[in-house]
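Quick notes on the structure that follows.
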Amino acid sequence: MSAFNPAPSLSELVLRIIPNLNQAETLVLNTLDSLIESASDPLEVLRRKEQKQQFTLEIYRLRLGLEGVLERYRDDVNALIDNENHRSPPLSLKPGEEAVIQGAIAIYDHVRAFQRGERATPTPR
């Protein structure tokens, strides 16, 4: 059973999910850099640096998966970029790609909850 009912369209991926992931990445990395700079406890600095490294690796993993999807739909992506009204197809996802898209959405949702004060840390987990 798919978590997407129906699967997201290419336009949702390109115009909403990926930009949201970019925003979340920027906020988390800026927040962690600020926490690292202001920390006086060396253990806190180490903990925050480890969080930053883990988050960076997770973003890298997600981007690799997203690039695979975008590569398969290259012609439609180009048409979408040229004309936002382009009717993009629903995505036909390969195994693992749905988890990548869900992961990108989950990171954004977590960061938004952090901004609202509903989460204690900027990074998931």
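Can you find a residue in region 70-77 that is outside any helix (DSSP H, G or I) and touching a helix residue (DSSP H, G or I) at 6+ places or on another chain (Cβ under 7 Å)?
yes
From 40, 88, which residue is of a type outside the set (A, V, I, L, M) and farther than 30 Å from residue 120 by Cα?
Of the residues listed, the single one that is of a type outside the set (A, V, I, L, M) and farther than 30 Å from residue 120 by Cα is 88.
Quick check on this structure: which one of 44, 118, 50, 67 is without any contact (Cβ under 8 Å) to a residue 60 or more places away in the chain, on the phi < 0 side of the Ramachandran plot, of a type in the set (Asp, Glu) and outside any helix (DSSP H, G or I)?
On the way: 44 fails: outside any helix (DSSP H, G or I); 50 fails: outside any helix (DSSP H, G or I); 67 fails: outside any helix (DSSP H, G or I).
The conditions single out 118.
Which one is surrounded by the most Cβ atoms within 10 Å (Cβ to Cβ), of the residues in region 59-75 that are more than 13 Å from residue 14 (Cα to Cα) and among the hydrophobic types (A, V, I, L, M, F, W, C)?
Only one residue tops the list, namely 62.
I'm trying to understand the selection: among the residues of region 95-115, which are without any contact (Cβ under 8 Å) to a residue 24 or more places away in the chain and acidic (Asp, Glu)?
Matches in region 95-115: 109 only.
Please go through region 25-40 and give me each residue that is among the hydroxyl-bearing types (Ser, Thr, Tyr), over 17 Å from residue 113 (Cβ atoms) and in a helix (DSSP H, G or I), ordered by number.
Residues satisfying the conditions are 34, 38.
Is it the case that residue 92 is of a type in the set (S, T, N, Q), open to solvent by less than 30 Å² (accessible area, probe 1.4 Å) and in contact (Cβ under 8 Å) with a residue 24 or more places away in the chain? Lay out the reasoning, then the answer.
Values: of a type in the set (S, T, N, Q): yes; open to solvent by less than 30 Å² (accessible area, probe 1.4 Å): no; in contact (Cβ under 8 Å) with a residue 24 or more places away in the chain: yes.
Criteria not met by residue 92.
So which residues in region 104-119 are surrounded by 12 or more Cβ atoms within 10 Å (Cβ to Cβ) and either over 20 Å from the mean Cα position of the chain (by Cα) or over 14 Å from residue 16 (Cα atoms) (or both), if there are any at all? Break it down stepwise before answering.
Going through region 104-119, the residues surrounded by 12 or more Cβ atoms within 10 Å (Cβ to Cβ) turn out to be 104-115, 119.
Once the filter is applied, which keeps residues that are surrounded by 12 or more Cβ atoms within 10 Å (Cβ to Cβ) and either over 20 Å from the mean Cα position of the chain (by Cα) or over 14 Å from residue 16 (Cα atoms) (or both), region 104-119 yields 110, 111, 112, 113, 114, 115, 119.
Please pick out the residue among 50, 44, 25, 37 that is acidic (Asp, Glu) and buried (at least 18 other Cβ atoms within 10 Å of the Cβ).
Sole residue among the options that is acidic (Asp, Glu) and buried (at least 18 other Cβ atoms within 10 Å of the Cβ): 25.
The values are calculated or read from the model by the stated rules, or taken from the named source; none is laboratory data. The structure displayed is predicted, hence computed values, not measured ones. Please note: Cβ atoms are built from the backbone with ideal geometry, for glycine as well, and neighbour counts cover all protein chains shown. The accessibility values were calculated without ligands, DNA or RNA, using every heavy atom of the protein model including side chains. Shrake-Rupley method; radii C 1.70, N 1.55, O 1.52, S 1.80 Å.
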